[in-house]
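Okay, so here's the structure we're looking at.
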Amino acid sequence: MENAAEASHHTGQYENSIWPALIAFATGLAAVGFFFLMKGVMLVAGLMLVSASALILGGFLYSDTRNWSSALSRLGRIPKDTLVGAFPVDINLTIQIIIMTELLLFGGAFAMYFAIREQVPFWPPPGTPILDDLIARAQTLILISSSILVEWAVYQLKHGRMRAFKAGLIGTTILGALFPILQFGVEWPHLILNNILTPATNFFGATFYLLTGIHGAHVLVGVIAYCYTDIRALMGQYSPKNHGFVEATSTYWHFVHIIWLFLFALMWQGGRVV
Amino acid sequence: MKLEDFGTFVIFAAIYAASTLGLPKLLFLAYHIEIGVIPTAFVAIFGLPAVFGLTLGQFIAGIGFQVTPIAMLSPAISFIGLVVVYYSRKFNTFAGCIVYIVITSLWLSYMLPIVSGTPPAVAAYSAFAGQSIAVIVGYIGYILVVRRISQRTTETAPKH
């Protein structure tokens, strides 16, 4: 009970905090400011926006760093199998908001792709190489396997089979880590260093790197989330009654997976509206 | 559909899209047998998430090929067939599968001559045969899984 009360006190300090809204506002200011600076228009306004953003973020860091030492000392001491301290089970709304945000991001990116595609008479534009889809197929297989494996792991967790759950979760993380390794370590260097397809090749090259880059960044975030989930699983912080965070991570992962299917269809198979 | 069903939805979409786009085509006369159609009977086990997943998978696979407006209606037709299979699970899944074959074959028989210029008779014959092969292969798999599930349920049930 003491642990629960202590954890409740520490998590409660962020209730009704204005900082999340301010940080989001500061990020928006910084994005607009950097846009002005990089485009070379309204330099003073750009500098002011970036400075205002830095001030807000600095203010947050200044006010929050005093909590860090106690937060660090609590790390690793979170009581086993408790809902307080561990992630709450019911985080449906949180993950729904995250997924909606991601949908807007990728919706915008795909809208850009189709808008460009409609502007050119031929798609892909002349001079675009036919991409070898061997790596893309391997990546698809990796994502399907990892999605099935994590569903299996969640099922095992709900039925209290903890060893199987941990094995499934770690397997998912390993499979997930293979995806960005193949993308950023094999395919991109191969295409760019051999001058097969670069962002400067044509519209297809630009959209290819933009869309697969955004997606790859999301996969990386997913892998980091899985590493964190693994650590907590190994610390025994999940149970059949406490699996909200695992479900949230897997939902995010499935979302990243489905976006990949669209990319695979559009970038490698290259359909064209006729 | 609950959030926890999202995984099933995505996995079925992926199975359809990836198998259609990423695997070699199994040609049967004018029509290629879509491996993604094989899991059709499994919607009787996995429910509406599988229905929506297979429909989305078909849509994704569609945009990977030469896209024509009429071809993009295929997922909607397939969706109707899948819903029939889903609701037929209460009395006879096989009957649902037959209805699915009939609905999708009729649609393909109408669409293929428009899209690819295939003679109508060849289109009708090959679509019906291709769909039947894929769905029946899946149905056999479904029967095996259902038997396995009921076997395990009997094993784990408390003995009086």
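Considering only residues of segment A:113-134 that are surrounded by 16 or more Cβ atoms within 10 Å (Cβ to Cβ) and assigned to a helix (DSSP H, G or I), which is modelled with the lowest pLDDT?
A:Arg117
The rows are residues; the columns are (1) part of a helix (DSSP H, G or I); (2) under 22 Å from A:Ile97 (Cβ atoms); (3) touching a Phe, Trp or Tyr at 6+ places or on another chain (Cβ under 8 Å); (4) more than 9 Å from chain B (Cβ to nearest Cβ).
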residue: A:His215; (1), (2), (3), (4): yes, yes, yes, yes
residue: A:Ala225; (1), (2), (3), (4): yes, yes, yes, yes
residue: A:Ala233; (1), (2), (3), (4): yes, no, yes, yes
residue: A:Thr249; (1), (2), (3), (4): yes, yes, yes, yes
residue: A:His257; (1), (2), (3), (4): yes, yes, no, no
residue: A:Leu263; (1), (2), (3), (4): yes, no, no, yes
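What is the residue count in segment A:224-247 for residues that are surrounded by fewer than 20 Cβ atoms within 10 Å (Cβ to Cβ) and within 26 Å of A:Phe184 (Cβ to Cβ)?
Looking only at that region, the number is 6.
When segment A:42-69 is examined, which residues are found to be under 26 Å from the mean Cα position of the chain (by Cα) and not aliphatic (A, V, I, L, M)?
A:Ser53, A:Gly58, A:Phe60, A:Asp64, A:Thr65, A:Trp68
Please work out which one of (1) closer than 27 Å to B:Tyr125 by Cβ; (2) out of contact with any Phe, Trp or Tyr (no Cβ under 6 Å at 6 or more places or on another chain) is the condition B:Val85 fails and give its number.
Here B:Val85 clears every test but (2).
Mind counting the residues in segment B:32-83 that are more than 18 Å from A:Leu266 (Cβ to Cβ) and either in contact (Cβ under 8 Å) with a residue 60 or more places away in the chain or not polar (S, T, N, Q) (or both)?
31
Tell me whether segment B:103-115 contains one or more residues that are surrounded by fewer than 19 Cβ atoms within 10 Å (Cβ to Cβ), within 14 Å of another protein chain (Cβ to nearest Cβ) and not aliphatic (A, V, I, L, M).
no
Restricting segment A:97-125 to residues that are over 20 Å from A:Val219 (Cβ atoms) and β-branched (Val, Ile, Thr), which is nearest to the other protein chains (Cβ to nearest Cβ)?
That would be A:Ile97.
So which residues in segment B:135-150 are farther than 15 Å from B:Thr93 by Cα and either of a type outside the set (D, E, K, R) or buried (at least 16 other Cβ atoms within 10 Å of the Cβ) (or both), if there are any at all?
B:Ile149, B:Ser150
Out of everything in segment A:126-145 that is polar (S, T, N, Q) and within 14 Å of B:Ile15 (Cβ to Cβ), what residue ends up being farthest from the other protein chains (Cβ to nearest Cβ)?
Per the criteria, the residue is A:Ser145.
How many of the residues in segment B:34-51 are aliphatic (A, V, I, L, M) and either within 8 Å of chain A (Cβ to nearest Cβ) or more than 11 Å from the chain's Cα centre (by Cα) (or both)?
So the count comes out to 3.
Anything in segment B:67-88 that is surrounded by fewer than 15 Cβ atoms within 10 Å (Cβ to Cβ), touching a helix residue (DSSP H, G or I) at 6+ places or on another chain (Cβ under 9 Å) and not in a helix (DSSP H, G or I)? List them, or say none.
Once the filter is applied, which keeps residues that are surrounded by fewer than 15 Cβ atoms within 10 Å (Cβ to Cβ), touching a helix residue (DSSP H, G or I) at 6+ places or on another chain (Cβ under 9 Å) and not in a helix (DSSP H, G or I), segment B:67-88 yields only B:Ile70.
Tell me, which residue of segment B:1-16 that is under 18 Å from A:Leu157 (Cβ atoms) and more than 7 Å from chain A (Cβ to nearest Cβ) is surrounded by the fewest Cβ atoms within 10 Å (Cβ to Cβ)?
B:Lys2
The values are calculated or read from the model by the stated rules, or taken from the named source; none is laboratory data. Note that the coordinates shown come from a computational prediction; the quantities given were computed from them, not determined experimentally. Backbone-built Cβ (ideal geometry, glycine too); neighbour counts: all protein chains shown.
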